[in-house]
Amino acid sequence: MGTSEFTVRRGPVELYVTDTTGTGSPVVLLHGLAGSSTEMLATARALPHHRVLTMDARGHGRSTRRPDDVSREAHVADVIHLLETVVGEPVALVGQSMGGHTALLVASARPDLVDRLVLLEAGVGGDGTAESRAGMRQFFDSWPTRFADRSEAELFLGDSALSRAWIDDLERRPDGLWCRFDADIVIATIEPVDARARWDEWTTVAVPTLAVFGRDGMFDTVATRDFLRRGRRVQHVDLAAGGHDAHLEAHDLWVAALTAFLDGPAGGSATVRPYESADAAGTLAVFLDAVTVTAAGDYSPDQIAAWSAPQERDVTEWDLVRSRLGTVVATVDGEVAGFSDVDDQGYIDMMFVASRFGRRGVAGALLREVERRAGELTVPALWTNASITARPFFERHGFVVVSEQHPVIRGTLLRNYRMRKELAI
């Protein structure tokens, strides 16, 4: 599983990101306070069938070290920026501790960007104090400016799972190992988490949610029950081992709980199956809606009318074509939400999603099934003629533009793009 590393800029802040660039459904992992994406890489490697991204929070890891703004709103906006500009489709958003708090707020503010939420040892906040922050500040201020080598760091920090994660994340310079965060920024970052409990946001989260707690974690039984009781679509797992950093301390148990949730069914998510004749009217309706509504911002009314041509569409003829092309259908809660196809030459004739199911992972689910079928056919590449509207989606999934085209449909000139994606066979 190859991983790319890059930075994303939002205003004056640079955010360090890793991306496995896989073709599976996207998962975004958010680390906790005083951590970094380094501690999430083992979790990322345990999800080979997903595209997994991690991001260093501002003030942490390889992201901007001393940002001016460390508010909750800034952290939430950073994640939203990543989801909108890099991922481009709904994700499973996974966060530990403060990262879970951020994930919860993102799911509340932008449910269109999150199709599943996983919270590891995370809650609504509001439970920290000035005393707890002072103790934390004292601990981080006690760290040496630098460690001569790993042995010195281990001697000072110890050999716990969390200590090893901190040591792994130290910046290696010619004169030793240096911490990647500043204590004052860390304390300023946690202060707004401590300031108030975000019950209002938590009670609005409607996406399927998994709450995971370590056996020796931070939350007692009363707090856990209250949190779960106030959630809307929550299931939970109590791990048989591990504490607040269970992703490090009880990795196998954590991964088992995570993968069972990510790969299991969730209400409101897309299910892809083979086309049936009973889908003819539904898929035709999806096509007409996608062209006349979703694509209307990229084409003129005359172009939309020529492309959609509803008066010329016959359901029986449509069914014959869809059946012949080996169409697959995506449904959400039993309703036809989109469809696509692929032939034995790797050509995708159509991929359309109803406008009201946009940005819910339907197109991604369809493309994964198309790629799976293409793999069975051992075709070397996929290709399609993508509309202006569809081009960004295909580019995000590894397609490149081969040429710009100007087909004439029913006497009207349109613009689309011949696109191609090489497949590993």
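The values are calculated or read from the model by the stated rules, or taken from the named source; none is laboratory data. Just so you know, these numbers come straight off a predicted model, no measurement behind them. Using ideal geometry, Cβ is built from the backbone for each residue, glycine included, and neighbour counts are taken over all protein chains shown. Surface accessibility is based on the protein's heavy atoms, side chains included, excluding ligands, DNA and RNA. Shrake-Rupley method; radii C 1.70, N 1.55, O 1.52, S 1.80 Å.
Assign one of three labels to the stretch 283-423, namely rounded, prolate or oblate, based on the Cα gyration tensor with a ≥ b ≥ c the square roots of its eigenvalues; rounded applies when a/c is under 1.5, prolate when it is not and a/b is larger than b/c, and oblate otherwise. Because its axes are fairly even, with a/c under 1.5, the stretch 283-423 counts as rounded. Counting only DSSP beta bridges whose two residues both lie in the stretch 8-124, roughly 30 percent are antiparallel. Highest mean packing first, where packing is the average number of other Cβ atoms within 10 Å per residue, the peptides 64-77, 207-220 line up as 207-220, 64-77. When Lys and Arg each count +1 and Asp and Glu each count -1, what net charge do the other residues less than 15 Å away from T316, Cβ to Cβ, add up to? Combined, the nearby Lys, Arg, Asp and Glu give -3.
Length available on full extension from T259 to T378: 0.36 nm per residue minus the Cα-Cα distance, which gives 40.0 nm. Quick check: Cα centre of the stretch 316-337 to Cα centre of the stretch 147-224, how many Å? Centre-to-centre distance over Cα atoms comes out at 48 Å. Applying 1/(1 + (r/R0)^6) with R0 = 25 Å to the Cβ-Cβ distance of R146 and A241 gives a FRET efficiency near 0.15.
Shown for the stretch 329-425: the carbon plus sulfur share of the solvent-accessible area, taken with all protein chains present and a 1.4 angstrom probe, equals 50%. Expressed as a whole number of Å, what is the distance separating the alpha-carbon centroids of the stretch 377-425 and the stretch 265-314? Cα centroid of the stretch 265-314 versus Cα centroid of the stretch 377-425: 18 Å apart. For the stretch 1-130, what does the alpha-carbon gyration tensor say about shape, rounded, prolate or oblate, given a ≥ b ≥ c as the root eigenvalues, a/c under 1.5 as rounded, and a/b over b/c as prolate? In terms of gyration-tensor shape, rounded. Length gained on full extension, R233 to R356, computed as 0.36 nm times the residue gap minus the Cα-Cα distance: 42.1 nm. Considering only alpha-carbon pairs that sit under 8 angstrom and 6 or more positions apart, the relative contact order computed for the chain is 12 percent. The modelled label-to-label distance for the pair S160/R420, using points 7 Å beyond Cα in the direction of Cβ, is 5.5 nm. Residues whose amide H lies under 5 Å from that of D216, counting only those 5 or more places away or on a different chain, are G242, G243; hydrogens are built 1.01 Å from N in the peptide plane. Here r is the Cβ-Cβ distance between V8 and T412 and R0 is 41 Å; the resulting FRET efficiency, rounded to 0.05, is 0.55. Most simply put, the chain has about 60% antiparallel DSSP beta bridges, counting only bridges with both residues inside it. Between the listed residues T43, H60, S355, the Cα displaced farthest toward the positive end of the dipole of the chain, a dipole computed from Cβ unit charges relative to the Cα centre, is found at S355. Remark: the stretch 24-142 carries a charge dipole of roughly 280 debye about the Cα centre, counting +1 on each Lys and Arg Cβ and -1 on each Asp and Glu Cβ. Of the accessible area of the stretch 233-319, computed with a 1.4 Å probe over protein heavy atoms only, carbon and sulfur atoms account for 53 percent.
Per residue of the chain, the DSSP helices (runs of n ≥ 4 H) give a summed -39500 (n - 2.57) that works out to -10500 deg cm²/dmol at 222 nm. Between the listed residues S163, H244, A295, the Cα displaced farthest toward the positive end of the dipole of the chain, a dipole computed from Cβ unit charges relative to the Cα centre, is found at A295. Each Lys and Arg contributes +1 and each Asp and Glu -1, all at the Cβ; summed about the Cα centre of the chain, the dipole is approximately 500 debye. Taking a sphere under 12 Å around the Cβ of E395 and counting the other residues whose Cβ falls inside, with K and R at +1 and D and E at -1, yields a net charge of +4.
Apolar share of the accessible surface for the stretch 1-155: 50 percent from carbon plus sulfur atoms, 1.4 Å probe. Counting only protein heavy atoms and using a 1.4 Å probe, the accessible area of D19 comes to about 10 Å². In the full protein context, the chain carries 44 Å² of accessible surface per residue, based on a 1.4 Å probe and ignoring ligands, DNA and RNA. Distance from the Cα centroid of the stretch 61-79 to that of the stretch 236-253 is 27 Å (rounded to whole angstrom). Put a plus charge on the Cβ of each Lys and Arg, a minus charge on the Cβ of each Asp and Glu, and nothing anywhere else: the dipole of the stretch 150-289 about its Cα centre is then about 520 debye. For the stretch 51-182, the residue among A77, T145, L113 whose Cα projects farthest onto the positive side of the dipole built from Cβ charges is T145. Other residues with beta-carbon under 10 Å from the beta-carbon of D298 carry, at +1 per Lys or Arg and -1 per Asp or Glu, a net charge of +2.
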